[in-house]
Structures are given as structure tokens and as C-alpha cells.
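In what follows, a structure is listed as C-alpha cells, so that the remarks can point back to it.
Values in this text are rule-based calculations from the coordinates and carry no lab data. What you see is a predicted model, and the numbers here were worked out from it, not measured in a lab. Cβ placement follows ideal geometry from the backbone for every residue including glycine, while neighbour counts extend to all protein chains displayed.
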There are 8 protein chains.
Amino acid sequence: MSKIQVAIMMGSQSDLPIMEEAANILKDFGIGYEIKVLSAHRTPKETTEYAEQLHAKGFQAVICGAGVSAALAGVVCAHTDIPVIGVPIDSSPLNGMDALLSTVQMPPGVPVAAMAVGKPGAKNAALFALRMIALHDKGIAKKLAQFKSEQRRKILDTKLTK
Amino acid sequence: MSKIQVAIMMGSQSDLPIMEEAANILKDFGIGYEIKVLSAHRTPKETTEYAEQLHAKGFQAVICGAGVSAALAGVVCAHTDIPVIGVPIDSSPLNGMDALLSTVQMPPGVPVAAMAVGKPGAKNAALFALRMIALHDKGIAKKLAQFKSEQRRKILDTKLTK
Amino acid sequence: MSKIQVAIMMGSQSDLPIMEEAANILKDFGIGYEIKVLSAHRTPKETTEYAEQLHAKGFQAVICGAGVSAALAGVVCAHTDIPVIGVPIDSSPLNGMDALLSTVQMPPGVPVAAMAVGKPGAKNAALFALRMIALHDKGIAKKLAQFKSEQRRKILDTKLTK
Amino acid sequence: MSKIQVAIMMGSQSDLPIMEEAANILKDFGIGYEIKVLSAHRTPKETTEYAEQLHAKGFQAVICGAGVSAALAGVVCAHTDIPVIGVPIDSSPLNGMDALLSTVQMPPGVPVAAMAVGKPGAKNAALFALRMIALHDKGIAKKLAQFKSEQRRKILDTKLTK
Amino acid sequence: MSKIQVAIMMGSQSDLPIMEEAANILKDFGIGYEIKVLSAHRTPKETTEYAEQLHAKGFQAVICGAGVSAALAGVVCAHTDIPVIGVPIDSSPLNGMDALLSTVQMPPGVPVAAMAVGKPGAKNAALFALRMIALHDKGIAKKLAQFKSEQRRKILDTKLTK
Amino acid sequence: MSKIQVAIMMGSQSDLPIMEEAANILKDFGIGYEIKVLSAHRTPKETTEYAEQLHAKGFQAVICGAGVSAALAGVVCAHTDIPVIGVPIDSSPLNGMDALLSTVQMPPGVPVAAMAVGKPGAKNAALFALRMIALHDKGIAKKLAQFKSEQRRKILDTKLTK
Amino acid sequence: MSKIQVAIMMGSQSDLPIMEEAANILKDFGIGYEIKVLSAHRTPKETTEYAEQLHAKGFQAVICGAGVSAALAGVVCAHTDIPVIGVPIDSSPLNGMDALLSTVQMPPGVPVAAMAVGKPGAKNAALFALRMIALHDKGIAKKLAQFKSEQRRKILDTKLTK
Amino acid sequence: MSKIQVAIMMGSQSDLPIMEEAANILKDFGIGYEIKVLSAHRTPKETTEYAEQLHAKGFQAVICGAGVSAALAGVVCAHTDIPVIGVPIDSSPLNGMDALLSTVQMPPGVPVAAMAVGKPGAKNAALFALRMIALHDKGIAKKLAQFKSEQRRKILDTKLTK
């Protein structure tokens, strides 16, 4: 596996089943990643310190998953210069609408790339990071093309017999 | 005016016309306050430092107004032990629903007291702080009773002749 | 346990599993509390009378949990001068959005501190009350710091091995 | 004009331009009405007392208009046995959705008849009261039939020439 | 049981478990009722004819339950002069918000009294009808007072021991 | 102009500025149309009668525009066998969400083709009717291809110089 | 069975249980149909090519079911001149509101006929296509009248005995 | 100005006042960009062709702004391997909620980075692209640090004197 290029952060261990979707994609592509459970609200200092080191450690992107008032991506964005990708997680009666609006409605000057609520969003967060990496890594670019091709193949091969 | 007991924070100068509603109430009650424009996202270090000093400086409460993905109240809450009151501000096409959900849907362990969207919320934020202060300050308690009485009087004196 | 300082009200016995989250926090901190099932709509007189006695009985805060058109916190707020904390409860097909808007969108002059929908909100309601008490009670302040530290520890000690 | 049969209550003088729609309909039908500005939150005792006298005074219905967390209709309903009609008023950035859910999502045992947000709702509140009165008043029944007929006529006579 | 005074209509047999809440209340109060499954869209003629006969048959109120684009109450309202009460039923992925808005947002001139979504709304529909009947029936008025008193008693007798 | 093939119905004259968008498209394509102001609620009999004649009169489609609880398209659909197209109109504080859900959330068995809220929806309603007509009218098919081509041309010819 | 006249497209095999509702209706009416799993995003070329052939192959309508950001119907609409019917599918935590708005809120010039979310929408999509076909096929017109009559009969024959 | 690295696409010329916010940021940073008005629905072939050339032409990112059912970003994403950033534009009565959900709720496999609704989102789209570029361009990295520093300075220099 190549060196660690992507950080996956989440506010709580309970977010892991969602965020593993991102990790699995990265693993399949042979991109090293690091998972951190850190909360914008409950471990603010550790979150800040970790965010501040992302650039120097050579990370290409950080993926932040959080539910309810999902402040993690924005706080990390305030403390790093690398691209930040936010995944809203549905963990309240409001169906993830709270996490979605908290993640996507960033004020000007704080660019967080928001993905869909839940597992599709986590998967896409990894794929988006891979697109960034692929701009400068032909191996990944080739694997992305294969992935796209397999996605296409899977749909075209659908059997509808009951 | 008594010593400064309440901090009023807001993420941007454009929030001032809303948050002045809180300041005006405190002024009317003779409670000293301090206004700070500090952003959870654009001045994270100053926001954190300011929040961390609130307790030692003797503040009884901090009122945080913010729009869109309103992270200010939560971030301040993570860095202080004094009561934090959040005022969602309507500053996007989504009518303040983004700020409201970001402010009120705090995760367990991060108690932010959310008020209504906009000016009524800013006014109530000050009145809520006054209720806390009044528990230990008979002068304020008396003024709150007068305020309530005037509110009541104003409604009872309504003239409906056109 | 210290003397009773917090009242926990709820509109129906079915709200108890939610509101117990508040009670459990207070119990853990050694703060006395009293639980009352009283409805703004079905026992209006008893609700009013109870609210009117809160101040004289020395309560520092009252926590009100209610679902659907959640009028309890506002009605209690109209009949007391102590701080009122509202917890919206999800008990209709509308996912708690009805209770949330009814609780947080108070008119100016009626300051209710709204928390998140459901259990996280109930837990935070107690923690918010504790922050108010801690301003004048060093023992509680110390316990709050410990609580915060344990919260932090729990996140930092997360094991991600599957 | 016949004796006063309908009470029109509203939480604030600013609601009058909306609630006058109800008054105008009643006036057109020759039904006596009484307008009261009383707030569930700011004049709770007067609201309660007024509600408690509605039955004895011979009112056939009470129409309650209120905005934001619109508790008025529910509180009046708790203190009277006569039919209560609620009109949600759009007076916050949330477009009246807060007032609508607060008015219509009443818990079981507290029957408030909710109308549409704003002026159409106020007008229909009066028409609904008239339908109730018409069950026992042939004069009003006849006028309602005429009103319906004029409504129909107005639509059928629409001219579309530009 | 007294003569039939209330009609309960619903758009589909699948609405029966909700609308039975209304029937049960009426039965408890000894008020005769008639249940009809008729659809504004699928049996328009029968619906219209039934609505047109309600007045002559001496009904005091008609309760209409319907889901999704809930047109039943409005269509019945267009074809009768007696009071129409609408109960939105949650029967789609949109949590009843479709049925709620279709029921409550009636245009001016078409007064439908909307209740809460689902069972609480069905129960309240019956209680609202009883309030109308009670204006002219002392026996029902007395039973309503007893019902209110039992509601109150049930809350006051709540036992919280676990 | 060819014979009248499309009916445009609307619940109120105030809907005309929206629904004219549909009429203008049809006029441009040389398709005859008839505009009727008829309300599902205020002229139910005329609405029903008109709907019942649509088939026999040779209409190919009927376009129904309505706001708030927009029952018109559904009621027309219940009384005709020709294709019914619904246009939700934004005419309440709820931004057209009420009209949209009322129009699109039809129960099974009542197929209404819903368009976007407001003018774009009215324009598309006409274009959708034209697509149906074009299946059997080569002249219209050709004009639709030209329309599409002009739409395309207009975008490609955009000048961005300020 | 008659020749194939309707295409049913869906973005994923997991949409089949919903879209089969459309297929079953068409089968019952003896209308030939073709099911294609093709994604606007994952098989864009095949989707485009398929859409471009619909006209020449003699299809009378194409029904497109898709969830989340449901682009399928719009993309197909851009590449064909035949009528396009969209069925929003509930496949995310947001209850289908994402699919509904993506399907119905088409820009002017791109007429997609939106149906209700989920199975009722799929069923109505087929019925809407049948209404279009029936304009030129007396056999189908007759079957539609029978279908309507059976629908009506089923409701009128409802037994409410428990 | 450096070579063209970012493409800015929008569905209509009317989106330009919003999307210029992105262009202005890129201009300030000396990053070359190209603006294209191309619609997923009205110029599908040109949109597809343009998207397919983005990679070969050396673009580092493409920013897509669109309103209502905002399919542009997703369609572009399906036809390119470079990172795609979506900006929802508020251009319907639904306050941009339609464009937001259409942009952010992408299915798995189609990674679009969604920004906030409107101008803040357009500005952040450019800043996000700059973060990606800065990973490999020290000059841009330095300018981003300066930008962040100026943002911070502007807030810290706020004067609140009236």
C-alpha cells in the first residue's frame, strides 16, 4: 500500500459503520489512510492539533464524517489548508437534514466539499479524494477508469429475470 | 452600569443589527456586556482563546449569534464551562433553517441553549441570561418582574380602533 | 444528595424514557431534582400553580420535555422567573420537527432555552442546568470539568480494531 | 347585528391585519364578535380568565390567531369547552411553518381546528364558525348559501380578455 | 345510542385503524355515527352525493380522513354546508407532510378544520365535533367535562416508580 | 390555428399570469386551446361537468394550475379519461410546497402528471402536451425539434462579455 | 400482447420492486413494455443512446424511476422527443424528498411528468401512459374505463365489519 | 495569469451573477479559468463533449452551478475523471432546497463536491479548487495563507462604533 495520503475523521465511534465505506474504497485503490475518532466539541484541542498537522504530514485530503450539528468538517477546514470533504451522518430523528445543512451551508471563506447523507456520501468522499490524487498519479487514474468501467459493466449486466 | 457579566459574540459584523437586540436588553437592565466579532471558522484561535477566558473573567453567560452552518455557539461551548446561548441568524436562501438546525441539534455533552431565529431570539437570549443572573441578584429579579409587568400592560392597553 | 435544585417536567408519562436522561445526569452530579408529569393542555391549572411555586421553592432551573405542539416550556416560562429549558420530543410522524419548532420559536419576551430533539437534548438540558449551578457552586464546577475530561478520554481511547 | 357569538383572539396587535379578515366576514354575516389581544405567554392570567368565561358568556366559537410557537389556541382550548379555531400567522423567517405545526399538531384530548396560514386561514376560520352557527340558525344558513353562490358566480363570471 | 349525528369518511379501508379512534370516542359519548369509505378521486360521484345529503340527513359534522394528496375533506366541504373536519393520514414516505399540507392549506371560502396527523388527529376530530354538539346538548357538555376531568386525573395519578 | 386540442384550467383568475406561459407556448405551436377558470372547491359542479366533456370534445390533454391545497388536477382526473397535467402555483407563505405536494402526491389510480412550481411548470405543461400530440402529428414533431434546436442555439450563443 | 409501446427505465436493479408496479399495470392492459436498467451517471452513453432510439422504435412513452439526485428522467428527456414520465424513489434517509424535488423541479424546456414517490407513483406512471395511448386506441380506452369501474367497485364494496 | 486550470460551467446566463463570485476569486489568485454556459438538459451533447475534454485539456477542476433540478454537476461528473464541484443556485420558489438536494444527494460512484446555496457556495467552490491546486503549487499555497490571514484580519479589525 502506498504512503498514507488521506485522513478519515469522525466525531464518534458510532459513525464507523458509515465511514468504513470511505476506508474500504481507499483500501481497494491501494491508497494509505488513517482513521481518527476526534470530536470538534468533545476533543477540540486534539481535533485542532490533528488538523494543523495534516498539511505537514503530506495528506492530500481529509474526510470528516459527523451527525446532528456537524461542526467537524468546518472546524478542521479552519485549521488546515488541504481539501476538506464532509460527510453528513443521519443520527437523529430529523433524518440527517440537520447534519446535511450543517455540513454544506458553510460561510464564504470556509470551503468544505459536502457529500450525500450516509454511506453513499462516505463512498463518494473517498472517490472524490481519489479524483484529486489521480490528477497527479497515473496509476490511480487508471484504477479510477477501471472502477468506472466496472460500475458500468455491473449495470449493463443486470439480469431482471425473477 | 454593573460590571461586565455577559459576552455577546457574533461571526460577522453583518450580524450586528440582530445581536444589538440582545445588547439593548442588557443595557436597559444595567448589565455590563462585551461585544466580540469572532468567527469559529475564520478566527478559530482568537475564538478559542476568548472562550477559554470567559470563566476566569467572571462572565455569567455568553450569547453567540451566527448564520448558515452556525458553528460558533458549539465551538465556544467546547472551550468554556459557563452557560452558552445560541442565536440562529437568517442569512441564506434557506430562511434560517440551516442556522437553526446547526445551533439547536447539538450532540450530547455540548449543551447550547438555542433561541428563535433572528431578532426575537437575540432579545430572548438576553432575557434568558438575565433570568440566570436574577437567581442571585435581587435587583435584576425585580427589574425582570417589572419588564414582565410592562409587557403585560402593553398588551392589555392595546387599542384596536382604526 | 444536595437539596432539590432542578425540576423536570414532562407532558406525559410516555416522555419518561427520554427525560430520564436528564434525571440520570443530575443524579450522577449529586444534584437533587423533582420529576413532575404535568400537561400545559390537560392539567393547565396544576401546571400553572407548579410553575408559580418554582421560584419560591428555590429551584435553579426547570426542564420541560414535550412532543408535538410542545407548549409546556412556554407556558411554564410565562408563570415563573427562573430559567426554563425546553426539550422537544419526537412523538409524531413529523420526526420531532413539530416539537422542535414549537419549543425553539418562542416570541420575544418568553425566553425558553431549546435543546436538541430527544435523548441528546434531555442530557444536554441537565448539563446546561449544571453549568448555571456551577457558576456558584465550586463542587459542581469541578465535577463538570471531570465530566468533560471523561468525555474527552472516552473519545481518545476509542479502539477501532474490528 | 345579532348578539356577540364569536370571540377573536390574537397574541399581538401586529396580528390584526390578518385577523380582520375573520372579523370582516362575521360583520358581513351580521354575527356579533369581540376582538381581544391577549397572549398565552405575556398575559397568561388574562388569557386563562377570558377563556374560562367564553362558555358562560354564550360564545359559540373562539378564533385564535398567533405566530411563531403559536400556543394561544391550545391554551385557550385547555380552559374552555367551546370549539376553538386556530389561525397560524406567518411572522418569522420560517414562513409560518413554525406557527402551522404549533397550531395543528395538538396532542390527543386538545381539539383545535387549524386553518391555513395567514389571511385565507382567518377568513375560513370565520366561515367555519358560521357553518357551526348555521346548524341552528336558518338565517345564517341562508346567507352561507348566498355566499357560496356569489363565490361561484364570481368565478364563472371571470373575464380573461387582456 | 342517540341518533346519528356525525359522519366519518375515509378514502380507503386502510385508513380505518386511524379513523376508528374517532369512532371510539363518539361511541364512548353515545353519539351515533356512520362510517363511509368513499374516495374523492376513485368514487367521486358517490362522494359528492353523500356529501350533498349530509345536511338534510341531520348530520352535525363530517370527519374526513385521507392520506397523500388528501382531497377528500375539501371536496366534501365543497358539497355540503355542515362543518367539515379533516384528519391527515401518514401513508407515504413523506411522513404525512403531504397529507397535512393538503388538508390544512385550504383556499379562502372552503373552511376545513384540520387536525394533527394520524391517531391523535382522529381522536381530536371526534372531540371537536363533540364540542360543537355540546353547545346545544347539555348531556354531552357534561360528559365532555367528565372526559376532561378524567384526562386530568390520569396525568395527576401518574406513578413514576420504575 | 388547428382545432382546440388542449384545455387550460385554473382555480382562480389570479393564476392567469402563471398559466399564460402554457397558453403562449401552445399559441406559438399553432395548437388551439381553451382557458377555463373553474375551481374544484368553489365551482365543483361546473368543474366536474367540464371535465366530463373533455374526452368527447376531442381534447388531447388538460392542464390544471392551482395553488395551496391544489385539488383541481386530481378532481379533473377523477372525471375524465384524457391525460391530466398539474401545475403547482406558489400562492401562500409556504413557497409552493403545499401546492407541489398536493399536486404530485396523488394516490394510486389517479395519474396526474406534475410539473415544477410556477412559470417553468406551466411552460413545461404545454411542452409535455405537445410531445403527446407530436406522437401523432408530424408537423408538431417538427416544430418541437425546431424549438429544441433554438433552445440549444440560445445557450450556445450566450455572450458573457459584460 | 400488443407491440412494445412503453419503456421502463431505472437507475439501479434495486429500484425494480418499485418499478414493477408500472410493469404489472401495463401487463394487465396487454401493452408491451421493455425494462432497462440504465443510469444517467454510471452508464451515461448507453442511457443517451437508448433515449435517442426511443422515438424511432415507436415507443409512446418512457417511464424513468430513480432515487436520490434523480437525474435519469431529465437526461432521457434531453435526448428524446417522446413523453417522459418520472417516478421519484425513496432510497435515502431524506424520505424521497431529494428524489421528488430532483424529478419534479425541471427547468423550462425540459418537460418531465412527475408522479408520487414510490409504488403509487410507479403505478400511476403506467396509468398515465395508458391514458395517452387510449387517446388513439379504443381497446385500451375501454379497459381503462373498466379499471376505473373496478377501482370504484372495490371501494363501494368495502366491508367494515371487524 | 497562469494557464487555464479551472472550468466554470453554468446552466444558464442568468446564473452568471452567482458564478462570477467563483471567477473573481480565481482571478485574484492568478489562476486561469474558462466560463461555459452549457445545460445538461438543453445542450446535452455539447455538455458531454466539453466534459469529456476537461481531462485532456489539463483542467484541475470543474465548477458547475445550476438551479432547480440541478443535474449539471452530476452529468459532467459522469463524463470526466477530474474533480467536480457543484454550486446549487436558488432560482425557484423553493428557496434553493431543490437545487441543494439535487446537487448534494449524488448516488454512490458519482462524487460531486457540493457547496452552499448561492454566492457563498460559488466563492467556496473556487477556494476549494485552489486548495487542490495548492497541494502542488507553492505559490498558490502561499496566497491561500495570505487570503486566510486577511480574512482573519478583517474580522479582528471590525469596528463596532455606531
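Taking amide H positions as placed 1.01 Å from N in the peptide plane, with prolines and chain starts having none, which residues 5 or more places from B:G109, or on another chain, fall under 5 Å of its amide H?
C:N124
Would you tell me the mean number of C-beta atoms belonging to other protein chains that fall within 10 Å of each C-beta in C:45-57, as a whole number?
Details: counts 4, 3, 2, 3, 0, 0, 1, 0, 0, 0, 3, 0, 0.
Per residue, the average neighbour count from other chains is 1.
Report the label-to-label distance for G:Q146 and A:A56 in nanometres (one decimal), using points 7 Å from each Cα along the Cα→Cβ vector.
My value for the distance between the label points is 8.0 nm.
Please work out whether chain G counts as rounded, prolate or oblate from its C-alpha gyration tensor, where a ≥ b ≥ c are the square roots of the eigenvalues and a/c under 1.5 means rounded, while otherwise a/b larger than b/c means prolate and anything else oblate?
Numbers: a/c = 2.04, a/b = 1.29, b/c = 1.58.
Judged from the Cα gyration tensor, chain G comes out oblate (a/c at least 1.5, b/c at or above a/b).
Taking every residue in A:126-134, how many Cβ atoms of other protein chains lie within 10 Å of its Cβ, on average?
5
With the cut-off at 31 Å, tell me which of the pairs F:K123/H:K27; C:K45/D:K57; B:K143/D:K57 have Cα atoms farther apart than that. Walk me through the numbers on the way to the answer.
Details: F:K123/H:K27 38 Å; C:K45/D:K57 21 Å; B:K143/D:K57 37 Å.
The pairs that break the limit, which is 31 Å between Cα atoms, are F:K123/H:K27; B:K143/D:K57.
Hey, which of these cross-link pairs are over 20 Å Cα-Cα: B:K3/B:K119; B:K154/D:K36; B:K36/C:K148?
Working: B:K3/B:K119 25 Å; B:K154/D:K36 13 Å; B:K36/C:K148 26 Å.
Exceeds cut-off: B:K3/B:K119; B:K36/C:K148.
If R₀ is 60 angstrom, what is the calculated FRET efficiency for the pair C:K45 and C:K159, using the beta carbon separation as r and rounding to 0.05? Walk me through the intermediate numbers first.
On the way: r = 54 Å, r/R0 = 0.90.
So, using R0 = 60 Å, E works out to roughly 0.65.
Place the peptides G:122-135, F:108-121, C:20-33, E:33-46 in order of packing, highest mean first, counting for every residue the other Cβ atoms within 10 Å and averaging per peptide.
Answer by packing, highest mean first, reads F:108-121, G:122-135, E:33-46, C:20-33.
Please state the shape class of region G:15-81: rounded when a/c is under 1.5, otherwise prolate if a/b exceeds b/c and oblate if not, all from the C-alpha gyration tensor.
Values: a/c = 2.23, a/b = 1.23, b/c = 1.81.
Because a/c hits 1.5 or more and a/b fails to exceed b/c, region G:15-81 counts as oblate.
Can you give the local net charge around G:E34? Use residues other than it whose beta-carbon is closer than 11 angstrom to its beta-carbon, Lys and Arg +1, Asp and Glu -1. List each step's numbers first, then the result.
Working: positive: G:K3, G:K36, G:K57; negative: none.
Every neighbour counted, the sum reads +3.
Any chance you could check the Cα centroid distance between region C:110-162 and region C:1-29 for me, in angstrom?
When both Cα centres are located, 14 Å separates them.
Look at the axis of the rotation that sends chain B onto chain G, then give the chain B residue with the nearest Cβ and the distance in whole Å.
In chain B, the Cβ lying nearest the symmetry axis toward G is B:M97, 7.
If Lys and Arg each add +1 and Asp and Glu each add -1, what is the summed charge of the other residues whose beta carbon sits under 12 Å from the beta carbon of H:M9?
Details: positive: H:K36; negative: H:D15, H:E34, H:E46.
With Lys, Arg at +1 and Asp, Glu at -1, the neighbours total -2.
Once a ≥ b ≥ c are taken as the square roots of the eigenvalues of the Cα gyration tensor of the protein assembly as shown, is the result rounded (a/c under 1.5), prolate (a/b larger than b/c) or oblate (a/b not larger than b/c)?
oblate
Assuming 1.002 mPa s and 20 °C, estimate D for region B:50-130 with Stokes-Einstein, Rh taken as the Kirkwood radius over Cα pairs, in µm²/s. Working shown, then result.
Numbers: Rh = 12.4 Å.
Taking Rh from Cα pairs, D becomes 173 µm²/s.
Enumerate the aspartates and glutamates that D:K159 could reach by cross-link, defined here as Cα to Cα under 19 Å, with residues fewer than 8 away along the same chain left out.
Of all the aspartates and glutamates, those that pass the test against D:K159 - Cα under 19 Å, at least 8 places apart if same chain - are D:E150, F:D15, F:E20, F:E21, F:E34, F:E46.
What is the magnitude of the charge dipole of region G:20-71 about its Cα centre, with +1 placed on the Cβ of each Lys and Arg, -1 on the Cβ of each Asp and Glu, and no other charges, expressed in debye to the nearest 20? Display every interim value, and only then the final one.
Numbers: 5 positive and 7 negative charges, 26 e Å.
Computed about the Cα centre, the dipole is about 120 debye.
Which residue fluctuates most in the GNM of chain A (Cα springs below 10 Å): A:S102, A:S92, A:S69?
Fluctuation is largest for A:S92.
When Cβ neighbours within 10 Å are restricted to other protein chains, what is their mean count per residue of peptide C:74-84?
Numbers: counts 10, 7, 0, 6, 12, 3, 1, 9, 5, 11, 3.
Per residue, the average neighbour count from other chains is 6.
Around G:A61, what is the net charge, scoring Lys/Arg as +1 and Asp/Glu as -1 over all other residues with Cβ under 15 Å from its Cβ? Show your work: numbers first, answer last.
Working: positive: F:R131, G:K3, G:K36, G:K57, G:K123, G:R131; negative: G:E34, G:D81, G:D137.
Every neighbour counted, the sum reads +3.
Antiparallel versus total DSSP beta bridges in the protein assembly as shown: what percent is that, nearest 5?
If I count the DSSP bridges inside the protein assembly as shown, around 0 percent turn out antiparallel.
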